[in-house]
Amino acid sequence: MNVMDNKVTLGRAGIKVTELCFGTLTMSALQADLSPESMEPVFKRALELGINFYDTAHRYVTYRHLRVGLGQKINDVVIASKTGTKTLEQAREEVEQCFRELGRDMIDIYLLHQVDDEADLEQRRPVLDYLLKLQSQGKIRSVGLSSHRISGNEVAIRHADEMDILFPVINQQGLGIIDGTVEQAMESLKRAKSAGLGIYAMKPLGGGHLRKNSVEAINFLRKSPLVDAIAIGIKSVDEVEVNVAIFSDGKFPLDQKKFESLATTDRRTLVNFLCKRCGECIKYCDQGALFLGEKKAEVDLEKCILCGYCAAHCPQFAIRVI
Ligand code: SF4
Ligand code: SF4
């Protein structure tokens, strides 16, 4: 039963996507660390209900999850990936790995991961030029960037002649936007839209802080003409069904019991006893949510948006997002 049959156009390349984008961060080793095989039923249900837009990144290490889960349908869906590297050599390796592991010879969307500002883009210029070259060869359909900052959104606006897609942090309360309010972020998205960029939203539930009011938080973005699609981390069949129900405008019933259960599941970032207080993780938390306590690193749960990026840089594997 395909209930997600309405597609929106994302960016000037005319990519048609479902408003609900299936995010793969939460199943990744940075968070729940679920195996590709265990995710097969989840992707199967997502395909059955019609989700055609899937978000990943080199950093998430979920290409195999997509390959196994989407099976024969992998060429029929839209896949967005990201590279956070600053070197051309590493970018080449990452993109080749993406093609190889997904088993595709074209990737729909490739983004520079977490761009902060113009100086950051300048450092990544060789990577951007490489992605644009692949785009001119038909191997990538759209190039763009993701950002946790309004200053990153501004970079996409200034370079809208080169970029087509913006993937910004945006949610009802502005959680996770490092350098401004939700109103200021919306103002930048207005200019991004006028510049012709396709926009899909990251952290619509503020990394879980808004999950108790998820319908309201999602509808806040759905009602905005500035946001084309919304990425939500999914790692279970129940999460597929609840999110499809929210996006389907009544075509698929919302199971209240499943909804309540997901809304009240407590999620948090934990640092365990393996921590050696080296402080490395603190450098990678752009939310300022980590600090060194007396015995180990500690997490400010009010600030943490559960991205899991700190976990990838802990040499002791002491951090888990659960
Ligand atoms: S990187 Fe790991 S070991 Fe180092 S302070 Fe952070 S949690 Fe502790
Ligand atoms: S502590 Fe920082 S880097 Fe780690 S999950 Fe939370 S927001 Fe992300």
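Restricting to the range 270-295, name every residue that is touching a His at 6+ places or on another chain (Cβ under 9 Å) and either touching a residue at least 40 places away in the same chain (Cβ under 8 Å) or within 8 Å of ligand 1 (Cβ to nearest atom) (or both).
Those that are touching a His at 6+ places or on another chain (Cβ under 9 Å) and either touching a residue at least 40 places away in the same chain (Cβ under 8 Å) or within 8 Å of ligand 1 (Cβ to nearest atom) (or both): GLU280, CYS281, ASP286, GLN287.
Mind listing just one residue for me: the one in the range 296-322 that is closer than 23 Å to SER151 by Cα and within 12 Å of ligand 1 (Cβ to nearest atom) and, of those, nearest to the chain's Cα centre (by Cα)?
By that ranking, first place goes to TYR309.
Can you pull out the residues in the range 77-134 that are surrounded by fewer than 14 Cβ atoms within 10 Å (Cβ to Cβ) and basic (Lys, Arg)?
ARG100, ARG125, LYS133
Checking the structure you have, find out if any residue of the range 135-143 is at positive phi and assigned by TED's automatic domain parsing to the domain that holds ILE15.
yes
So, of the residues in the range 303-322 that are over 19 Å from MET27 (Cα atoms) and without any contact (Cβ under 8 Å) to a residue 40 or more places away in the chain, which turns out to be farthest from ligand 2 (Cβ to nearest atom)?
Checked the range 303-322; the qualifying residue farthest from ligand 2 (Cβ to nearest atom) is PRO315.
Test GLU19 against the criterion of being among the charged types (D, E, K, R), buried (at least 19 other Cβ atoms within 10 Å of the Cβ) and closer than 21 Å to LEU221 by Cα, and give yes or no.
Yes: the conditions hold for GLU19.
Name the single residue, out of those in the range 6-34 being within 25 Å of ILE305 (Cβ to Cβ) and among the polar types (S, T, N, Q), that is farthest from the chain's Cα centre (by Cα).
For the range 6-34, the residue satisfying everything is THR18.
What pairs come out if I take residues in the range 180-207 that are assigned by TED's automatic domain parsing to the domain that holds LEU145 and pair them with residues that are aromatic (Phe, Trp, Tyr) and in a helix (DSSP H, G or I) whose C-beta lies under 9 Å away, six or more apart or interchain?
PRO204/PHE220
Somewhere in the range 61-79, is a residue assigned by TED's automatic domain parsing to the domain that holds PRO204, modelled with pLDDT of 95 or more, touching a Gly at 6+ places or on another chain (Cβ under 8 Å) and assigned to a strand (DSSP E or B)?
no
The values are calculated or read from the model by the stated rules, or taken from the named source; none is laboratory data. None of the values given here were measured: they were computed from a predicted structure. Note: ideal-geometry Cβ built from the backbone for every residue, glycine included; neighbour counts use all protein chains shown.
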